[in-house]
Amino acid sequence: MAANTPVNPSANWHPNWLSNAFSQKIFDALGEANTRFVGGAIRDSLLGFAVKDIDMATSHLPGQTQALLEAVGIKTIATGIQHGTITAVWNGEAREITTLRRDIETDGRHATVAFTDDWAADAARRDFTINALYAGHDGQIYDPCGGLADLEAGRVRFIGDAESRIKEDALRIYRFFRFSARFGVTLDAVGLSACKACASDVGNLSRERVRDELLKLLMVAEPLIYLQAMQKIRILPMIGDVEADVDAFRQLLAAETANDSQTAPETRLSKLYSPAAAKVVARSFRLSGKQKDFMETVRQADTALLSADTIDPLLYRFGKRAVAEALKSYLGEKRPEFILRAESWQRPVFPVSGEDLKIMGFREGKEMGVMLGELEGAWIASGFSLSKDDLLKAIVRK
């Protein structure tokens, strides 16, 4: 289908973002013939999914785009202007608008692009047919690569020659599995064959890019068959000498299913590479400090749950969020009781402070820290029932 031949898949398809005030203002400024929505917003809304990011494309050069928008009071930010992308901001909303592009040169990681006014050339450089959907101001969809039929069939298909698309950017191997897990019914045989043929190319990718794709895949409810396929063609990364354990991951998914729950992608990542190696995995994938802390706290809470008779000490030690996460895959008989307790639990305040110990003659430092730790342990063991006087009297007796 030609890039400028519109189709209308459904008379009922008319999402709010298509013709809201901001969208209309952009079309008025840039011209309806020169501007279209593109990619994920169209794909997701056609499937009935929530739309997060609304991207647009234009045949105007970046500087001209900025000038036309600012002339009508729309703020612009040069978020990726070297690649043709600016962000338009107005009345609390934001849109990324990118000039049409064509590839000049690719090295498997980055592409050198040139701007163009050719919609077909812009579509041809994209990865999958379902991401090369465009929509005009009137809701007409432009489908130059057959993406609508693939979307309906649950098929994630590379645009043009699959191996050529991968050679342009090896990250597309991971994107193929991630998009197939989210939008596909099964793995496209041609695409899978191309990923297998180009599997060695993923070694040139940064760990950050691989991490982001893997975490996004792990957000999908049922990623197992896709992880198994990735393991078969050996693109699941090794972490030092730790290999992904898909069989152990299957056990986590079984527990999630039994509990009608889904753990966070970081928890799933930890299970995929063995909880014992969580620190190494976090460091190798360059996770943030917050992600590392979360993974480690959940791992400890998960272990502690196995022998817990009461959940209060765990809630105090690890926090409600980590314990709630660990309970998602916990199969013990006390799970309903623990969940109810976790939902209503309020963190108690340890009644003894360093100032209290100073009054008793303790000096700041290791000795005071050890004593506070002992007292807190006794307080927790009592079910948080010991009072300040009880605890201080224990010091005197000791």
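The values are calculated or read from the model by the stated rules, or taken from the named source; none is laboratory data. Please read these numbers as outputs of a predicted model, since none were measured by experiment. Here Cβ is always computed from backbone atoms with ideal geometry, including for glycine, and neighbour counts include all displayed protein chains. Just so you know, the surface numbers come from the protein's heavy atoms only, side chains and all, with ligands and any DNA or RNA stripped out. Shrake-Rupley method; radii C 1.70, N 1.55, O 1.52, S 1.80 Å.
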Residue in segment 44-59 that is out of contact with any strand residue (DSSP E or B) (no Cβ under 7 Å at 6 or more places or on another chain), open to solvent by less than 20 Å² (accessible area, probe 1.4 Å) and either over 28 Å from N204 (Cβ atoms) or modelled with pLDDT of 95 or more (or both) present: yes
Helices (runs of 4 or more DSSP H) within segment 183-279 that include 1 or more residues in contact (Cβ under 8 Å) with a residue 40 or more places away in the chain and farther than 23 Å from K167 by Cβ: 207-217, 224-232, 246-259, 265-272
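Just to be sure before I move on: is A94 in a strand (DSSP E or B) and under 22 Å from the mean Cα position of the chain (by Cα) in the structure I sent? Walk me through it before giving the result.
Values: in a strand (DSSP E or B): yes; under 22 Å from the mean Cα position of the chain (by Cα): yes.
For A94, the condition - in a strand (DSSP E or B) and under 22 Å from the mean Cα position of the chain (by Cα) - is met.
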Neighbours by Cβ (under 9 Å, 6+ apart or cross-chain): first from segment 382-396, free of Cβ contacts under 8 Å to residues at least 40 places away in the same chain and within 11 Å of V352 (Cα to Cα); second charged (D, E, K, R) and surrounded by 14 or more Cβ atoms within 10 Å (Cβ to Cβ): K388/D356
Residue in segment 216-226 that is over 22 Å from S284 (Cβ atoms) and not aliphatic (A, V, I, L, M) present: yes
Answer residue from segment 167-211, given it is over 21 Å from the mean Cα position of the chain (by Cα) and of a type in the set (S, T, Y) and is least open to solvent (accessible area, probe 1.4 Å) among those: S193
Residue satisfying condition, being loosely packed, with under 11 Cβ neighbours inside 10 Å and over 17 Å from A322 (Cα atoms), within set G377, G373: G373
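Got a sec? Which of A123, A149 is in a helix (DSSP H, G or I) and open to solvent by 30 Å² or more (accessible area, probe 1.4 Å)? Can you show your working first?
On the way: A123 fails: open to solvent by 30 Å² or more (accessible area, probe 1.4 Å).
Of the residues listed, the single one that is in a helix (DSSP H, G or I) and open to solvent by 30 Å² or more (accessible area, probe 1.4 Å) is A149.
Yes or no, residue by residue, for (1) surrounded by fewer than 20 Cβ atoms within 10 Å (Cβ to Cβ); (2) free of Cβ contacts under 8 Å to residues at least 24 places away in the same chain; (3) among the small types (G, A, S); (4) under 25 Å from A181 (Cβ atoms):
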{"residue": "I130", "(1), (2), (3), (4)": "no, no, no, yes"}
{"residue": "H137", "(1), (2), (3), (4)": "yes, no, no, no"}
{"residue": "A153", "(1), (2), (3), (4)": "yes, no, yes, yes"}
{"residue": "G160", "(1), (2), (3), (4)": "yes, no, yes, yes"}
{"residue": "R165", "(1), (2), (3), (4)": "no, no, no, yes"}
Among (1) hydroxyl-bearing (S, T, Y); (2) touching an Asp or Glu at 6+ places or on another chain (Cβ under 9 Å); (3) closer than 30 Å to E213 by Cβ - the single one S382 does not satisfy: (3)
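So, in segment 301-345, of the ones that are among the polar types (S, T, N, Q) and farther than 22 Å from S382 by Cβ, which residue ends up most open to solvent (accessible area, probe 1.4 Å)?
Pass one, segment 301-345, residues among the polar types (S, T, N, Q): 303, 307, 310, 329, 344.
Then drop every residue that is not farther than 22 Å from S382 by Cβ, which leaves 303, 329.
Working: T303: 82, S329: 22 Å².
Checking each candidate, the answer is T303.
With open to solvent by 10 Å² or more (accessible area, probe 1.4 Å), touching a residue at least 12 places away in the same chain (Cβ under 8 Å), closer than 26 Å to A29 by Cα and acidic (D, E) as the only criterion, which of E70, E96 stands out?
Step by step, each of E70, E96 is checked, and only E96 is open to solvent by 10 Å² or more (accessible area, probe 1.4 Å), touching a residue at least 12 places away in the same chain (Cβ under 8 Å), closer than 26 Å to A29 by Cα and acidic (D, E).
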Odd one out for S344 among (1) touching a helix residue (DSSP H, G or I) at 6+ places or on another chain (Cβ under 9 Å); (2) closer than 30 Å to D260 by Cα: (1)
